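What follows draws every value from the coordinates through simple rules; no lab data is involved. Quick caveat, the model's predicted, so the values are computed rather than measured. Cβ coordinates were reconstructed from backbone atoms using ideal geometry, including for glycine residues, and neighbour counts include every protein chain displayed.
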Amino acid sequence: MRSRSIGLIASATLGLATSAAAQSVSLSPATMHRIGTIDERYQSYNVEMLEVTGGRFWKPYKDIAPAKTVGQGGAAAASGTPAGMSADLYQYRPPIDLANRRLRAMAAALGPAYVRISGTWANTTYFADTDSPPKDPPAGYGGVLTRQQWLGAIAFSNAVDAPIVTSMPDGVGARGPDGVWRPDQARRWLDFTKAHGGTIAAAEYFNEPTMAAMGGAPKGYSAADYGRDHKIFVAFMHKEFPGAKILAPGSVGESTADWGVANGGYGDQPLLHAADLAAYTGDADAFSYHHYGAASQRCAAMGHQTSADQALSEDWLGRTDQTLAYYRGVRDKFMPGKPFWNTETADAACGGNPWAGTFLDDFRYLDQLGRLARQEVAVVLHNTLVASDYGLLDETTFEPKPKYWAALLWRRLMGTTVLDSGVPIADGSHVYAHCLRGVPGGVAILAINNRHAQPVVFELPVAAERYTLSATSLQAARVRLNGQELKLGRDDALPALRGVRTGAGKVELAPESIAFLALAQAGNASCR
């Protein structure tokens, strides 16, 4: 891909030839009407349960043996990897240091948020409520969560203003001889959380029941079994932890298009489709689902791949809509009127693609936030804050990756009232509008030009502060704000995120570029 600086530049400086080729878009921020609201913690993130306990997570690409792919793994409880997956795709990592000062500072800057501590491994994690935890998990479990580890998670949650979203231990070990789920283990864990000052904001019964066998469910586990267990879970939560929202079903991989990463299943493992599961979840507070537009290169044998040269295409960016459209049909039938929570999402399943940690994925990340905010999605939890290629932070140093800076700008500028920008999504002009955070009457605009060559000219009726994200190349690991590289200062201080004053009139958005515009004097009545 081309190596050049990109950004939003006053059109007069680009020359007549360039401007003549530009598409023109007129914006009217004063008359943009309200189309919805999002949770104050809309932009949130995941910390995998496996990060808290330590264990085998996605191996770096450089260390993966080419011959090992999906379908060569053993049973989850025996190998510590999900059933049906190759053990060579994983590598042991020690428990994350949730007390790390830099990590807490970076997370706190994105707050308020939710932290989802869940993932496939959470289904088979045993909470050891003892001062002497077992070295190995009990039968039917795949990992052990100690008191000290969970106390660290509670302390992190409280320090960064991110109440916990989670799911239940529901593998074979959490069941009676009849195969029915028992809340005993969940009760000990959640009682401990409450007693030590933790807040469970929301919970799912099962992480990704679509692939129940991969998640540690008993052999032959059916949608009816799920429905029976979900009823027990809801009654348990309502009686003993009534303050937590119930999210369901937490499905993954289904879409209105044939690229859906769950299409065809995982090897010989059957799928439990969302429509079958949601028939039992009408008493939940929100419809939860996951979205991945592809399987990463680690899971090449699954198919459903993508490539870096498609990462700005309308097909790729539009996949988030196709997933939501599928689940909307299910929601409307079984849980009408309930809001959506996207409780796990990133560029690609299986740890993300190699370019997930570069500027290239900023486009998908921000475009997805913009799209979903307009479509009744109240919360989006990015996978992950730290772990693997798709993390917002480097998993070794906790330094920000390019997506972190995009996330920080969203947090600083985009308020909870969603506006209709008046600009249909089209190649080169993805325009999203919210009320400007903390400024009555103000409007914040996110503009994305995903074209490779053609600029777009925006006509602004009032002055704005411009925040342009750019990089030396699309796959650069460093990002610039208005031409200045963003990096941490002394003692991990975040740099000042200052805009550049831009007068009313024509403003040109260069190809392959992203910009936020803060219009404090927009005079929008919906934002007062």
When ranked by the protection proxy of mean other Cβ atoms within 10 Å per residue, highest first, what sequence do the peptides 285-291, 143-149 form?
285-291, 143-149
Within the chain, cysteines having no neighbouring cysteine beta carbon under 4.7 Å are none
Sorted by Cβ density within 10 Å, fewest first, the residues Phe156, Phe57
Phe57, Phe156
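Filter the cross-link list Lys401/Lys506; Lys62/Lys401; Lys231/Lys333; Lys59/Lys245; Lys245/Lys401 down to pairs whose alpha-carbon distance in this structure exceeds 25 Å.
Numbers: Lys401/Lys506 32 Å; Lys62/Lys401 19 Å; Lys231/Lys333 19 Å; Lys59/Lys245 34 Å; Lys245/Lys401 31 Å.
Exceeds cut-off: Lys401/Lys506; Lys59/Lys245; Lys245/Lys401.
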What residues qualify as long-range amide H neighbours of Asp394, i.e. H under 5 Å apart, gap of 5 or more or another chain, H built at 1.01 Å from N?
Glu399, Lys401
Relative exposure of Lys487, Lys231, Lys401, judged by other C-beta atoms within 10 Å (fewest first)
Lys487, Lys231, Lys401
Residues whose modelled amide H sits under 5 Å from the amide H of Leu145, counting only those 5 or more places away in sequence or on another chain, are Tyr126, Phe127, Ala128
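May I ask you to order 178-188, 158-168, 273-283 by the average number of other C-beta atoms within 10 Å around their residues, highest value first? Write out the running numbers ahead of the final one.
On the way: 178-188: 16.7, 158-168: 21.9, 273-283: 20.0.
Answer by packing, highest mean first, reads 158-168, 273-283, 178-188.
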Of all DSSP beta bridges in region 368-449, antiparallel share, percent nearest 5:
100 percent
Could you pull out every residue, at least 5 positions away or on a different chain, whose amide H is within less than 5 Å of the one on Ser421? Hs are placed 1.01 Å off N in the peptide plane, and Pro or chain starts have none.
Ala433
Lys/Arg +1, Asp/Glu -1 at C-beta; the chain dipole; positive extreme among His238, Thr166, Met414:
Met414
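Checking the a/c ratio against 1.5 first, then a/b against b/c, what shape does the Cα gyration tensor give for region 43-388? Walk me through the intermediate numbers first.
Working: a/c = 1.21, a/b = 1.16, b/c = 1.04.
Rounded shape, in that the Cα axes give a/c under 1.5.
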Can you compute the FRET efficiency between Arg437 and Gln269 using 1/(1 + (r/R0)^6), with r the Cβ-Cβ distance and R0 = 41 Å? Round to the nearest 0.05.
0.40
In terms of the alpha carbon gyration tensor, root eigenvalues a ≥ b ≥ c, rounded if a/c is under 1.5 and otherwise prolate when a/b exceeds b/c or oblate, region 395-528 is oblate
May I ask you to derive the relative contact order of region 332-468, considering only C-alpha pairs under 8 Å and at least 6 residues apart, and to give it as an integer percent?
18 percent
Cross-link candidates for Lys487: which aspartates and glutamates have Cα within less than 15 Å, leaving aside residues fewer than 8 places away along the same chain?
Asp394, Glu399
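Mean separation of Cα pairs under 8 Å and 6+ residues apart, divided by the residue count of the chain: what relative contact order is that in percent? Please list the in-between numbers first.
Working: 1264 pairs, mean separation 104.0, N = 528.
Across the chain, relative contact order equals 20 percent.
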Taking Cα pairs closer than 8 Å and at least 6 residues apart, the relative contact order of region 130-268 in percent is 22 percent
Angle between the chain longest axis and helix 223-240 axis [Cα atoms, degrees, rounded to 10]:
80 degrees
Sorted by packing (mean other beta-carbon atoms within 10 Å per residue), highest first, where do 371-379, 322-330 land?
371-379, 322-330
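Excluding Ser222 itself, what net charge comes from residues whose Cβ is under 13 Å from its Cβ, given Lys and Arg +1 and Asp and Glu -1?
Working: positive: Lys219, Arg228; negative: Asp225, Asp229, Asp276.
Its environment carries a net charge of -1.
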Per-residue ³J(HN,Hα) for region 494-511, Karplus 6.51 cos²θ - 1.76 cosθ + 1.60, θ = phi - 60°, Hz, x for Gly and Pro
6, x, 5, 9, 9, x, 10, 5, 10, x, 4, x, 8, 10, 9, 9, 5, x
Report ³J(HN,Hα) in whole Hz for each residue of region 123-135, in order, from the Karplus equation J = 6.51 cos²θ - 1.76 cosθ + 1.60 where θ = phi - 60°; Gly and Pro get x.
4, 10, 9, 9, 8, 8, 7, 7, 6, 10, x, x, 5
Around Val457 (Cβ within 11 Å, Cβ-to-Cβ, excluding Val457; K/R +1, D/E -1) the net charge comes to -1
Which ³J(HN,Hα) values, rounded to whole Hz and listed in residue order, are derived for region 309-317 from phi using the Karplus coefficients 6.51, -1.76 and 1.60 in 6.51 cos²θ - 1.76 cosθ + 1.60 with θ = phi - 60°, glycine and proline given as x?
6, 9, 5, 10, 6, 5, 4, 5, 5
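Based on the Cβ-Cβ distance of Arg147 and Arg101, what FRET efficiency does E = 1/(1 + (r/R0)^6) give at R0 = 22 Å, to the nearest 0.05? Write out the running numbers ahead of the final one.
On the way: r = 23 Å, r/R0 = 1.04.
The pair Arg147/Arg101 has a calculated efficiency of 0.45.
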If one computes the Cα centroid of region 230-306 and of region 410-482, what distance in Å separates the two points?
32 Å
